[in-house]
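Notes for the one structure printed next.
The values are calculated or read from the model by the stated rules, or taken from the named source; none is laboratory data. Being a predicted model, the structure only gives us computed values, none of them experimental. Ideal geometry is used to build each Cβ from the backbone, glycine not excepted, and the neighbour counts take in all protein chains shown.
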Amino acid sequence: MDNTFFKFSDELNSLSDKAMQRCKNSFEEIDKLTEYNQQKVLLAFTENRVSETHFSGSTGYGLDDRGREVLESVFAQAFGAEDALVRHNFMSGTHTLSVALFGVLRPGDTMLCVTGTPYDTIHPVIGIGESKNEGSLADFGVKYKEIQLTENDKIDEDAVLKELENDKSIKMVYIQRSKGYDLRNTFSVEEIESISRKIKEKYSAIIMVDNCYGEFVQKLEPVQVGADLMAGSLIKNPGGGIAKTGGYIVGRKDLVHLCACRLTTAGIGKEIGATLGETRNMFMGFFHTPHVVGESLKTAVFAAALFELMGFKISPKVDEKRCDIIQTIELRNKECIEAFCRGLQSGAPVDSFVAPIPSEMPGYDSDIIMSAGAFTLGSSIELSADAPIREPYAVWMQGGLTFHSSKVAVMLAAQEVLKELNK
Ligand SMILES: *Cc1c(COP(=O)(O)O)cnc(C)c1O
């Protein structure tokens with residue numbers, strides 16, 4: 001297709017055409033997935049009789065906020081869960097996960113992470129490393145253990161079951177579905193089902209999933225195949241690019257209640273929380289999510305195809321099954337990472353003129369460069385890329401509200417990287 005408004009070299013245009021050819025099968029699969037999940041979400045809206053009156057929002061205590069209750073019931077149904085806590089008061093994904101962990105765990109309990117070391121920002125919540133006395137789980141006497149993945153990046157099921165047998169204080173098994181800043185694969189719902197089933201046969205530990213970036217990437221969600229609780233951020237998939245902030249926790253009713261008691265207070269739980277007019281955005285974003293996830297997946301597949309043609313190592317592969325919206329590209333050095341982020345940023349609808357540079361970030365060990373030209377600050381369901389400046393110099397790219405716009409941004413990134421390579 002002719003690039004009418006953005007000019008690329010003939011070399012890049014031809015690579016892009018080839019990449020689009022490579023994407024055909026995946027795009028068909030993505031369309032089927034989107035259709036399935038869109039119907040699922042629509043049914044949750046119609047069966048819960050969502051109405052314009054639910055958008056008005058409350059102030060003060062937010063008692064009897066009907067919109068909030070219906071929203072939570074829509075989330076619960078679409079995710080196949082007993083109950084949901086969906087609030088704009090969750091300030092980030094990490095905050096949401098933290099509320100869930102503190103909601104459920106008690107002094108003397110052990111949390112067992114079975115997917116290796118979790119996402120960087122969760123370390124201070126658990127209290128991995130030296131105590132800073134900031135109120136981590138460790139500070140409150142909650143113990144932590146982790147099981148490393150097997151050599152080929154699978155959950156070491158035997159080791160997990162053995163640990164559960166040996167340590168009766170294990171109250172929670174924690175699964176991080178997405179890879180975070182790791183180069184492992186993301187866990188599929190099928191893999192989560194397998195380990196959950198084996199655990200449930202014999203043990204009563206609560207299975208909790210960090211579902212960030214995984215929502216609506218497959219037909220089923222972790223809580224439909226054995227997980228008891230899962231959580232994520234509304235400025236990732238389930239906000240559909242429209243929710244301005246927030247998070248969700250869904251799962252077993254008794255556990256969601258405990259999480260609500262942590263977010264608000266004991267004795268009050270889900271009963272309060274003024275929505276301040278945010279409910280409409282959350283409804284509308286959730287309604288758009290299956291489609292937006294589809295656009296993000298297409299963007300990821302296209303980037304994979306294009307950068308593979310350019311000779312870079314990518315994960316997942318073009319036709320590989322996807323379990324989250326993240327695409328990693330190993331760019332081999334700092335200069336190519338900066339070129340990629342600069343190019344991607346120049347194709348963003350917001351802040352296209354800004355040049356991202358690496359810098360320190362709270363919660364992370366090494367300098368990070370981030371490319372994000374988003375309507376919502378930090379939103380990563382909008383096209384964005386992050387890279388810690390460290391081996392193996394990979395960039396983690398995710399999101400894209402509309403494929404056609406994101407495709408241009410990915411090509412601009414490729415153009416900058418080609419320039420860097422030809423220096
Ligand atoms: C994004 C993410 C988080 C944390 O979310 P923030 O909103 O950045 O705090 C946790 N786990 C995983 C796997 C994530 O991708």
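Here are a few things to note about the model shown:
- Enumeration of residues in the stretch 391-402 that are among the hydrophobic types (A, V, I, L, M, F, W, C) and either surrounded by fewer than 22 Cβ atoms within 10 Å (Cβ to Cβ) or in contact with a strand residue (DSSP E or B) (Cβ under 8 Å, 6 or more places away or on another chain) (or both): Ala394, Val395, Trp396, Met397
- Those strands (runs of 3 or more DSSP E) of the stretch 322-423 in which at least 2 residues are under 26 Å from Thr245 (Cβ atoms), considering only elements entirely within it, cover 368-372, 384-388, 394-398.
- Just one of the listed residues (Gly269, Gly214, Gly277, Gly226) is surrounded by 20 or more Cβ atoms within 10 Å (Cβ to Cβ) and either farther than 20 Å from Asp83 by Cβ or modelled with pLDDT of 95 or more (or both), and it is Gly214.
- Of residues in the stretch 158-203 being of a type in the set (Lys, Arg) and under 24 Å from the mean Cα position of the chain (by Cα), the one surrounded by the most Cβ atoms within 10 Å (Cβ to Cβ): Arg177
- Lone qualifier among Ile195, Ile175 - being within 16 Å of the ligand (Cβ to nearest atom) and touching a residue at least 40 places away in the same chain (Cβ under 8 Å): Ile175
- Helices (runs of 4 or more DSSP H) completely within the stretch 1-106 that count 2 or more residues being surrounded by fewer than 19 Cβ atoms within 10 Å (Cβ to Cβ), basic (Lys, Arg) and at pLDDT 95 or above: 10-47
- For Ile368, the stated conditions do not hold, so it cannot be described as within 17 Å of Ala305 (Cβ to Cβ) and either buried (at least 24 other Cβ atoms within 10 Å of the Cβ) or in contact with a Pro (Cβ under 6 Å, 6 or more places away or on another chain) (or both).
- When the stretch 298-315 is filtered for residues that are surrounded by 20 or more Cβ atoms within 10 Å (Cβ to Cβ) and either in a strand (DSSP E or B) or within 16 Å of the ligand (Cβ to nearest atom) (or both), the ones remaining, listed by number, are Ala300, Ile314.
- Count of the stretch 256-266 residues which are under 20 Å from Ala78 (Cα atoms) and either of a type in the set (Gly, Ala, Ser) or at pLDDT below 95 (or both): 1
- Residues of the stretch 105-127 that are touching a strand residue (DSSP E or B) at 6+ places or on another chain (Cβ under 7 Å) and among the β-branched types (Val, Ile, Thr): Thr110, Val114, Thr115, Thr117, Ile126.
- Some residue of the stretch 119-139 being assigned to a loop (DSSP other than H, G, I, E, B), surrounded by fewer than 17 Cβ atoms within 10 Å (Cβ to Cβ) and touching a residue at least 24 places away in the same chain (Cβ under 8 Å): no
Yes or no, residue by residue, for (1) within 16 Å of the ligand (Cβ to nearest atom); (2) in contact with a Gly (Cβ under 8 Å, 6 or more places away or on another chain):
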| position | (1), (2) |
| --- | --- |
| Cys336 | no, no |
| Glu360 | yes, no |
| Tyr364 | yes, no |
| Met370 | yes, no |
| Gly378 | yes, no |
| Pro388 | yes, no |
| Thr402 | no, no |
| Val408 | no, yes |
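- All conditions but one from (1) under 23 Å from Leu33 (Cβ atoms); (2) within 16 Å of the ligand (Cβ to nearest atom); (3) not β-branched (Val, Ile, Thr) apply to Asp153; the one that does not is (1).
- Members of the stretch 100-120 found to be in contact with a Gly (Cβ under 8 Å, 6 or more places away or on another chain) and within 16 Å of the ligand (Cβ to nearest atom), listed by number: Pro118, Tyr119, Asp120
- Qualifying residue in the stretch 55-64 (condition: within 16 Å of the ligand (Cβ to nearest atom), of a type in the set (S, T, N, Q) and out of contact with any Asp or Glu (no Cβ under 9 Å at 6 or more places or on another chain)): no
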